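K.L.:
Pasting a structure below so you can have a look.
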Amino acid sequence: MTLEPRPVLPADLAQLEALHASAFPPGEAWSADALGVMLALAGGFGLLLENRGFILARAVGEEAEILTLAVAPLARRCGAGTALLAAALRRAADCGARELFLEVSRNNIAAFALYAAAGFTQVGLRRRYYADGSDALVLRRDLSAA
């Protein structure tokens, strides 16, 4: 079974909200309105694996950033995160971005492993960045090979 994400449509916002709520602790999940705002940013795009997960990113000029990646708990360790991340890398590169950035909690070992396996390296640290007080690792990936 191949996992091929499709572009997010405005009609998907309720599903995105539910997926984000399942993937993040209470108080950190984004509403449908917030997700819509992220998609409306200049260069914003989203990719969805139905009922499994989604990724929101933006590409402006030569830089891109992942805004959020959410995978439903029951879909974890089945390739959904890898498929979403790979599709976002390709899309950002197709938009002309040469590098992709993201922040991940120092405490999110699984997410860090996903990003490291995809070739991301740490380029910065944001102390007490998240609501729970955890630090954010700033990661970067060169897109020349995406």
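The values are calculated or read from the model by the stated rules, or taken from the named source; none is laboratory data. Everything numeric in this text was worked out from a predicted model, so none of it was measured. Note that we place each Cβ from the backbone using ideal geometry, even for glycine, and neighbour counts take in every protein chain shown.
K.L.:
Could you look through the stretch 1-59, keep only residues that are of a type in the set (V, I, T) and within 16 Å of the chain's Cα centre (by Cα), and pick out the one that is farthest from L102 (Cα to Cα)?
P.N.:
The qualifying residue farthest from L102 (Cα to Cα) is V8.
K.L.:
Which residues, counting only those in the stretch 51-61, are buried (at least 20 other Cβ atoms within 10 Å of the Cβ) and assigned to a loop (DSSP other than H, G, I, E, B)?
P.N.:
Residue satisfying the conditions is R52 alone.
K.L.:
Tally time: how many residues in the stretch 12-30 are over 17 Å from R76 (Cα atoms), out of contact with any helix residue (DSSP H, G or I) (no Cβ under 6 Å at 6 or more places or on another chain) and at pLDDT below 95?
P.N.:
3
K.L.:
Identify the residue in the stretch 101-124 that is touching a Leu at 6+ places or on another chain (Cβ under 6 Å) and of a type in the set (A, V, I, L, M) and, among all such residues, is farthest from F24 (Cα to Cα).
P.N.:
Filtering the stretch 101-124 for residues that are touching a Leu at 6+ places or on another chain (Cβ under 6 Å) and of a type in the set (A, V, I, L, M), the one farthest from F24 (Cα to Cα) comes out as A118.
K.L.:
Could you list all residues from the stretch 9-38 that are outside any helix (DSSP H, G or I), surrounded by fewer than 19 Cβ atoms within 10 Å (Cβ to Cβ) and of a type in the set (A, V, I, L, M, F, W, C)?
P.N.:
Correct list: L9, F24, A29.
K.L.:
Quick check on L3: is it in contact with a helix residue (DSSP H, G or I) (Cβ under 6 Å, 6 or more places away or on another chain), buried (at least 17 other Cβ atoms within 10 Å of the Cβ) and either among the acidic types (D, E) or farther than 21 Å from L139 by Cα (or both)?
P.N.:
Yes.
K.L.:
Within the stretch 107-125, which residues are surrounded by fewer than 17 Cβ atoms within 10 Å (Cβ to Cβ) and part of a loop (DSSP other than H, G, I, E, B)?
P.N.:
Those that are surrounded by fewer than 17 Cβ atoms within 10 Å (Cβ to Cβ) and part of a loop (DSSP other than H, G, I, E, B): N107, N108, G119.
K.L.:
Given the options L41, L69, L48, name the one that is farther than 18 Å from V104 by Cα and buried (at least 16 other Cβ atoms within 10 Å of the Cβ).
P.N.:
Within the list L41, L69, L48, the selection yields L48.
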